[in-house]
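Here the structure comes first, spelled out in structure tokens, and everything after it is commentary.
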Amino acid sequence: MLGEARIRHLLETALSLSPADETEVSITATDESLTRFANNAIHQNVAESDATLEVRAVFGKRVGTAITNDFSAASLLRIVEMACEIARHQPENPEFPGLPKPSPILTVGSFDEAAAGASPELRARAVGGICRAASGVRAVAAGAYSTSIIESAIANSHGLLAYHPATSVDLTLVVTRREGSGYAHGTSWRLDQVEAERLGNEALRKALAASIHDPMPLDPGEYTVILEPYAVADIVENLASSGMGALAVQEGRSWMNGRMGKPTLSPLISIWDDGLDTSGEPQPFDCEGVPKQRVDIVRAGVPIAPVYDTHTAAREPGRASTGHAQPIDEDWDGPAPANLHMTPGESSLEEMIASTKRGVYVTRFWYVNAISERHCVLTGMTRDGTFMIENGEIAGPVRNARFTQAMVPALKRVVAVGREARPIGGYYGSHRLPAMKVEGFRFTG
């Protein structure tokens, strides 16, 4: 770790070197260790430490950025000069609202000493248990187990200064046996919340159930589906990328457009973003240094509001950033939620299965792509544990199938939600999500 004192010194030094009207300096430092395994054996053990310092210089409405991972005095001066030079050559951005003024930022704990001190031996013992259990039933385990330390900090010339240290633990694995496979995933900022033995057994049970006989074909058509939290995460993240941010709403391309305040999804569905909730992986401020706050995005099936950064908030009189700014790079698409939660329901997976006359049980999706943002139309494949349900029981494995489904109308047909919300790591952050039962879900091939 660089530590708060050194990071503060680097931020203040870079700010002092800048002649710009406004200047922002941010630092992200990571220490990540990773153990990979395949064919029931560890085949790679790596560790990487890196830190970057990014400068955003502002002259009037002209903005330039530059980034380095060299923290020497000469490099700091050079990167500040580079950001200023880039800014001077940029066209004016009339919508640039200026850098944010400082606001009180709550302290939230998401640093676990056990995770920070996790050794290769600790990860090897956990992975070894998974591999031995798989080998004992002639199955094969593969996956990755990582532990990380992340330091985030930002300061600007208006007096804003924020620092947050965090840890992250992630275990993802697949167990295969004959033609069947099972998947499991766990993530948390706490080491003891990612239980390797439990996750290994979860994937192994799926693989055994999926290998009892050759998978049956699944004819195209509409089915009742029971989606594990892994599959729900793909849907919710695509809802986020298809319009839970204010930029998409303002540009009229969000699935929330025309649906605000109207019953749109099942009343069983409430979704919010909360970067301060320690049951997820909290981050108390965004990449502009604005404090995060809870934002109710969908309440009882009714879309309420998207999330904002300073840029999109300035477009609407009286609106303030909700602390959801994303780094401005070639993939920038405005603010986005990164700590999504969904209200658990009252059903267990067993109860959902028992109440289903004929349907499909889906562990997770794979290679999901958006076809249309307006209704959040997605296509993708099932993977690693797909089963037919007949008369309230799992009848056996089915072949992985392609789905093509508009998620907004599909989520109107949610008839049950699981009572347990699980932490799921995704592309947009870490989320806590339950299982769902959805009627009329379309498989196309």
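Being under 23 Å from GLY60 (Cα atoms) and within 28 Å of the chain's Cα centre (by Cα) narrows it down to one of PRO100, PRO94, PRO104, so name that one.
The unique qualifying residue is PRO100.
Tally time: how many residues in the stretch 59-71 are without any contact (Cβ under 8 Å) to a residue 24 or more places away in the chain, open to solvent by 70 Å² or more (accessible area, probe 1.4 Å) and of a type outside the set (S, T, N, Q)?
Residues meeting the conditions: 1.
Filter the stretch 128-150 down to residues that are in contact with a Gly (Cβ under 8 Å, 6 or more places away or on another chain) and either free of Cβ contacts under 8 Å to residues at least 24 places away in the same chain or surrounded by 21 or more Cβ atoms within 10 Å (Cβ to Cβ) (or both), then give me how many there are.
3
Assess whether PRO327 counts as being closer than 30 Å to GLU202 by Cβ, open to solvent by 30 Å² or more (accessible area, probe 1.4 Å) and part of a loop (DSSP other than H, G, I, E, B).
no
For the stretch 84-99, enumerate the residues that are open to solvent by less than 90 Å² (accessible area, probe 1.4 Å) and part of a loop (DSSP other than H, G, I, E, B).
If the condition is that a residue be open to solvent by less than 90 Å² (accessible area, probe 1.4 Å) and part of a loop (DSSP other than H, G, I, E, B), then GLN90, ASN93, GLU95, PHE96, PRO97, GLY98, LEU99 are the ones that fit.
Only one of (1) part of a strand (DSSP E or B); (2) in contact (Cβ under 8 Å) with a residue 40 or more places away in the chain; (3) closer than 20 Å to LEU160 by Cα; (4) open to solvent by 40 Å² or more (accessible area, probe 1.4 Å) fails for ARG56. Which number is that?
Going through the list (1) part of a strand (DSSP E or B); (2) in contact (Cβ under 8 Å) with a residue 40 or more places away in the chain; (3) closer than 20 Å to LEU160 by Cα; (4) open to solvent by 40 Å² or more (accessible area, probe 1.4 Å), ARG56 breaks only (4).
Select from the stretch 348-381 the residues that are among the basic types (Lys, Arg) and part of a strand (DSSP E or B) and write down the one among them that is farthest from LEU411 (Cα to Cα).
Ranking the candidates gives ARG358 first.
Restricting attention to the stretch 360-401, and to residues there that are of a type in the set (Lys, Arg) and open to solvent by 80 Å² or more (accessible area, probe 1.4 Å), which single residue is modelled with the lowest pLDDT?
Step by step, filter the stretch 360-401, then rank; the result is ARG374.
Just checking, how many residues over the stretch 424-445 are under 30 Å from LYS357 (Cα atoms), outside any strand (DSSP E or B) and under 19 Å from the mean Cα position of the chain (by Cα)?
Result for the stretch 424-445: 2.
In this structure, does ALA421 turn out to be without any contact (Cβ under 8 Å) to a residue 40 or more places away in the chain and open to solvent by 10 Å² or more (accessible area, probe 1.4 Å)? Talk me through it step by step, then tell me what you get.
Values: without any contact (Cβ under 8 Å) to a residue 40 or more places away in the chain: no; open to solvent by 10 Å² or more (accessible area, probe 1.4 Å): yes.
Criteria not met by ALA421.
I need a count of the residues in the stretch 334-356 that are open to solvent by 70 Å² or more (accessible area, probe 1.4 Å) and touching a residue at least 60 places away in the same chain (Cβ under 8 Å).
3
Quick check on my filter: what residues within the stretch 391-423 are out of contact with any strand residue (DSSP E or B) (no Cβ under 9 Å at 6 or more places or on another chain) and in a strand (DSSP E or B)?
If we filter the stretch 391-423 for residues that are out of contact with any strand residue (DSSP E or B) (no Cβ under 9 Å at 6 or more places or on another chain), which is where we start, we get 392-393, 412, 420.
Scanning the stretch 391-423 gives a single hit, GLU393.
Considering only the stretch 18-53, state which residues are surrounded by 19 or more Cβ atoms within 10 Å (Cβ to Cβ), in contact with a helix residue (DSSP H, G or I) (Cβ under 7 Å, 6 or more places away or on another chain) and of a type in the set (A, V, I, L, M).
Residues satisfying the conditions are ALA20, VAL25, ILE27, LEU53.
Can you report the number of residues in the stretch 109-161 which are aromatic (Phe, Trp, Tyr) and either part of a helix (DSSP H, G or I) or more than 26 Å from LEU2 (Cα to Cα) (or both)?
Residues that pass the stated criteria total 0.
Go through the stretch 144-190 and give me each residue that's in contact with a helix residue (DSSP H, G or I) (Cβ under 7 Å, 6 or more places away or on another chain), among the basic types (Lys, Arg) and closer than 25 Å to PRO397 by Cα.
ARG177
Of everything in the stretch 1-17, what is more than 28 Å from VAL63 (Cα to Cα) and either in a helix (DSSP H, G or I) or open to solvent by less than 30 Å² (accessible area, probe 1.4 Å) (or both)? Give them in sequence order.
The answer is GLY3, ALA5.
If you go through the stretch 285-316 one residue at a time, how many are more than 19 Å from the chain's Cα centre (by Cα) and either at pLDDT below 95 or in a helix (DSSP H, G or I) (or both)?
Looking only at that region, the number is 4.
Hey, GLY429 hits all of (1) buried (at least 22 other Cβ atoms within 10 Å of the Cβ); (2) at pLDDT below 95 but one; which does it fall short on?
Only one criterion is unmet by GLY429, namely (1).
The values are calculated or read from the model by the stated rules, or taken from the named source; none is laboratory data. Here the structure is a predicted model, which is why all the values come from computation and not from measurement. No Cβ is skipped: glycine too gets one built from the backbone with ideal geometry, and neighbour counts run over all protein chains shown. Side chains included, ligands, DNA and RNA excluded: accessible areas come from the protein's heavy atoms. Shrake-Rupley method; radii C 1.70, N 1.55, O 1.52, S 1.80 Å.
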